[in-house]
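Notes follow the structure.
Rule-based calculations on the coordinates, nothing more; no lab input. The structure presented is a predicted model; accordingly, all values stated were derived computationally and were not measured. Because the Cβ atoms are built from the backbone with ideal geometry, glycine has one as well, and the counts that use them run over all protein chains shown.
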């Protein structure tokens, strides 16, 4: 039977026919792809010729074209447009994929065949692929006894199903927790926020202004709402998401963490965090804890000092739901920065075209051309073709910026296709954001945070687009989790670069440039709010490690009490500052692959801050961008990622750049 994914798509860059792919197409494609790969793996195992890299590791990389096409489409369509049918398909695909991955990694014949290759004869990317493949297989249980392999299969299937359900429940909880306000209760919201919230209410068949939630604890509207009771309702709705009832997210978190600990023990590790760090650029838990712990006390102290300034400015104690408005009030009073006014200067399309894409041209010589002729999975999404400086086609970029009920919360990048020269593939990458959709006829205006997010996610896109790897397992963003955020964080620097910002920061109505004094104020205010921001982040990062250093058999009976105790023990008061994600909606660690790895943002920012300093030292931005591209972005995981950092920086990363940036060390 021929399915959508049986043959390569005839579209440019083999873009799948996204607009017509159904949930059943995805399931059928995954099933067909699994069958194809299993057949090819059996051929690898049965090959009577002496085992070589090409007939084993190389053949394994090329063994799953149908599956990679189907999974690439599923990973992009379902989180971005998760209709009920797609959500049902996701559960089926998750179960199929987990079982298949286990069938490959726990295949004794394949393990034996790979072991026959003379690794000492391998060099460069081939050596790296063999090393990483064997490490992943070892961590996946390839060297276990048959009985233990069967136990591992069962654990993986259960964990995978729970992960998927957690992500789906988070989306459901966000929609259910949306806050409906009357016109009076919505006082203070900007014109665009009022229009979009009214449109959201109308779409839901309700009257008033419906504030839909985003994934983090702090909601954007908290900075604008004039009514304290409305702010409290919104804050409470946000931080109360999740429940401990059977099948609720807190119950799922308890089950997931317990099963992960059991799996770690089966593999010979003390806990899930120890097993997970084996694949990271920094493998020592004590080093990670020391880095995070070093920042806690000064971050909490800075946050308290910020609250004192807010109280002085407002004349009232700072409640958690008042902090966003208070931070903005002090920024407006002391630095002349008004967040609501700033939005008028950040119109989405201009930020993209004259900001994000202009920076890509300035630093890397890229040009992005709209391709409205190519299909997308939802009308909100748009496609651009990406060209090199010499006009060579590099790949496709898909942008899907607006929030909707069918989309997961947060912002992310995924690849539909990796750049892998051994398979003749060029990259197709997608960015998803959750900017509130404007009312009909109104402009889409961005907060400063949303501007930074646009640059951040495009940094991930560049990492995928620049892949020069031969093999997909080592291509683009397929690098250790604790360093994958580094390129995207570096890309944020261009948002305020003097050769970029003046081109996109223009009033949407008048075309007036953002005033020079506002630019100066933004610079002066750069560290304002870092105490709060760092504290909420560290709380989440250390909460992640608390969940994932549980010993096998150590059961959490009350997840909220566990969360509270863990945070207080580490120096936080969660009633004053909630972690960026509480356990009930911590999708990063219970569904999205960051378990025991949310610290990665901080570790990656160590490299980022050091690299920003390096860029600022360079006399030629374009030449520096090319070096960064060639030595790091294009390399993917084809060599040790910290070696790639040293290749352009000339030394190991220095944490002091980050600590000073966040106001945790003297300037």
Gyration tensor (Cα only) of the range 587-660 to equivalent ellipsoid, semi-axes in Å sorted down, yields 25, 16, 11
Working from the pairwise distances between different alpha carbons, so that the mean of 1/r is found and then inverted, what is the range 1-104's Kirkwood radius in Å? 14.6
Taking a spot 7 Å from the Cα of residue 665 along the direction of its beta carbon, which residues of the range 585-615 have an amide N less than 18 Å from it? 602-615
In degrees between 0 and 90, to the nearest 10, how far off the longest principal axis of the chain does helix 65-80 point, with axes built from Cα atoms? 20
Taking the Cα centroid of the range 333-400 and of the range 161-195, what is the distance between the two, rounded to the nearest whole Å? 26
Just to confirm my numbers, what's the Cα centroid distance between the range 611-627 and the range 507-536 in Å? 24
Counting alpha carbon pairs within less than 8 Å and at least 6 residues apart, what relative contact order, in whole percent, applies to the range 512-624? 29
Give me the percent of Cα-Cα pairs in the range 177-239 that sit more than 13 Å apart, rounded to a whole number. 55
May I ask you to list the residues of the range 217-235 whose amide nitrogen lies under 20 Å from a point 7 Å from Cα along the Cα→beta-carbon direction of residue 191? 221, 224-226
Let me have the relative contact order for the chain, percent, based on Cα pairs under 8 Å that are six or more residues apart. 16
Evaluate E = 1/(1 + (r/R0)^6) for residue 290 and residue 452, where r is the Cβ-Cβ distance and R0 equals 22 Å; express this FRET efficiency to the nearest 0.05. 0.20
Relative contact order of the range 177-239, please, whole-number percent, based on alpha carbon pairs below 8 angstrom and at least 6 residues apart. 42
Provide the three semi-axes, in whole Å and in decreasing order, of the ellipsoid equivalent to the range 343-524 as defined by the square roots of 5 times the Cα gyration tensor eigenvalues. 28, 19, 16
Calculate the spin-label point distance for residue 45 paired with residue 20, positioning each point 7 Å from the Cα along the beta-carbon direction, and give it in nanometres. 3.8
On a 0 to 90° scale, report how tilted helix 600-617 is relative to the longest principal axis of the chain, with both axes built from alpha carbons and the result rounded to the nearest 10. 70
Output the peptides 181-190, 384-393 sorted from most to least packed, where packing is the average of other Cβ atoms within 10 Å over each peptide's residues. 181-190, 384-393
Mind checking the angle between helix 285-314 and the chain's longest principal axis? C-alpha axes, 0 to 90 degrees, to the nearest 10. 20
Expressed in angstrom, Rg and Dmax over the Cα atoms of the chain are 24.6, 81
Taking 0.36 nm per residue of sequence separation and subtracting the Cα-Cα distance, how much length would be gained by fully extending the chain between residue 565 and residue 618, in nm to one decimal? 14.4 nm
